[in-house]
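Read-outs: derived from the displayed coordinates by stated rules, not from any lab. All figures in this text were calculated on a predicted structure; none of them were measured in a lab. Note that each Cβ is placed from the backbone with ideal geometry, even for glycine, and that neighbours are counted across all protein chains shown.
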Ligand code: CMC
């Protein structure tokens, strides 16, 4: 039986249906609000707004739960691979052995870039940020691969092409930025192993594949693969609602992810830890800066809009630090600072009262450093990982019968009716 919420405005009563999700979260359906009352809702940052119904990812920020298609992130990190998880997110089910093999074969087949796309890289300044390059390259793919998408397929060729080529593009951007020859993928390597190969192999020092590093990369990308309606995913859905092509929507997602409050936080965390080390700042000094309302500094890698407890991805990422650093038999001084900072913040009243805990980005940079990934590529790593999530959300959005073009309203606060003043009369 439908439950209703009653809203009284200007003496008029409105019955608004309540929608309940499969995990019990409730929403008031306000679609008739403006038409019935003339009122709109006001919710900057959309903290209390549900923009869609989605069956892809479930998060419980109070309990620290994250599940893709119902499967806990801990199980996927432990037992799955990135490619299998991508399949799960997009197709809505785990693949059979045959489906997974076919997916891997196609990912290999699609992994080369059109040679003409290479010229794009050459015209970028050498210091250009790889996120800007990646976003432009993905948008350009529409011109090179304009085939239509068959949404009936579990995992269509356009999606597979994107997942495969985005990895080649990222590695190529890195090689070109170093002035090195680009390295082509090898058919006998898995998706993650191939990325490491394309990044680090070179004619004079062949890259020795290390299964623990491949595992760590799988886990890193699984943890980033989707996160329901975050800033970049919302951007993908909003842009897609205008019926734009998938490449343009994903390119918008990459641009949205770039910001330091979102995906760019992994780079910002390392820069913060380096600054602490270089300037010899003490932990109490850093916390005081983060708490000072007159200082724009925030503790990067801390806090989250949804998680009001420890981010479950951060717990797994912290364990990955031990794996990759242990493997290299080295200690990263920045990890030591990070752990001290975490301990101090977690026992500080400001952080406790505001429920600020480490998020996935707090430890991910340490893992990426240990793999040899340069800092300016960190957010690109996040983007490669998030791509299956964006595609799953794009697909779900495209098939949603309730889909309308995204077009929020506003409360206008500017000048009321004003006359145009000719130039000669302006003082
Ligand atoms: N350091 C210091 N204070 C903080 C921090 C922080 N990292 N995060 C939030 N606060 C304070 C904030 O100043 C505010 O205080 P007050 O209530 O006195 O005004 C309160 O906590 C609530 O913060 P908010 O900015 O209203 O929260 P939000 O939900 O709008 O923002 C956030 C979430 C992630 C943007 C924010 O916590 C932040 O800037 N964190 C640092 C950047 C970061 O690590 N981003 C990665 C997020 S995880 C990866 C991803 O999924 O994108």
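Here each label is just a point 7 Å from Cα along the line to Cβ, and for residue 93 and residue 406 those points are 3.0 nm apart.
For the chain, the longest principal axis of the Cα atoms and the long axis of helix 130-144 meet at an angle of about 80 degrees. So what's the angle, to the nearest 10 degrees on a 0 to 90 scale, between helix 211-224 and the longest Cα principal axis of the chain? On a 0 to 90 degree scale, this one is about 10. Taking the fewest neighbouring Cβ atoms within 10 Å as the starting point, the ordered list for 29, 10 is 10, 29. Given a Förster radius of 51 Å and the C-beta distance between residue 23 and residue 293 as r, what FRET efficiency does 1/(1 + (r/R0)^6) yield to the nearest 0.05? The formula returns an efficiency of 0.90 here.
Stretched out straight at 0.36 nm per residue, the stretch from residue 282 to residue 122 would grow longer than its current Cα-Cα span by 53.3 nm. Name the most mobile residue of 91, 344, 173, meaning the one with the largest mean-square fluctuation, in a Gaussian network model of the chain with Cα contacts below 10 Å. Highest fluctuation of the listed residues: 344. Once both labels are positioned 7 Å from their Cα atoms along Cα-to-Cβ, the gap between residue 52 and residue 2 label points is 2.4 nm.
Once both labels are positioned 7 Å from their Cα atoms along Cα-to-Cβ, the gap between residue 323 and residue 208 label points is 2.0 nm.
Return the FRET efficiency for the residue pair residue 115, residue 331: r is the Cβ-Cβ distance, R0 is 41 Å, and the value is rounded to the nearest 0.05. In this case the efficiency is close to 0.40. Remark: 8, 379 ranked as 8, 379, counting other beta-carbon atoms within 10 Å and listing the fewest first. One decimal place: the segment residue 12-residue 147 gains 43.4 nm when fully extended, by the rule 0.36 nm per residue minus the C-alpha distance.
In the chain, the DSSP-assigned H stretches of four residues or longer account for a calculated mean residue ellipticity at 222 nm of -15500 deg cm²/dmol, using -39500 (n - 2.57) per stretch and the full residue count as denominator.
Legend: ranking of residues 39, 427 from fewest to most surrounding C-beta atoms inside 10 Å; resulting order 427, 39. When both the range 316-378 and the range 1-63 are represented by their alpha-carbon centers, they are found 37 Å apart.
Hey, could you get me the Stokes-Einstein D for the range 134-210, Kirkwood radius over alpha-carbon pairs, 4 °C and 1.567 mPa s, rounded to whole µm² s⁻¹? It diffuses with D of about 93 µm²/s by this estimate. Between residue 79 and residue 339, the contour length at 0.36 nm per residue exceeds the Cα-Cα span by 90.9 nm. Any idea what angle helix 361-371 forms with the longest principal axis of the chain, computed on alpha-carbon atoms, 0 to 90 degrees, nearest 10? Between the helix axis and the principal axis of the chain, the angle is about 20 degrees.
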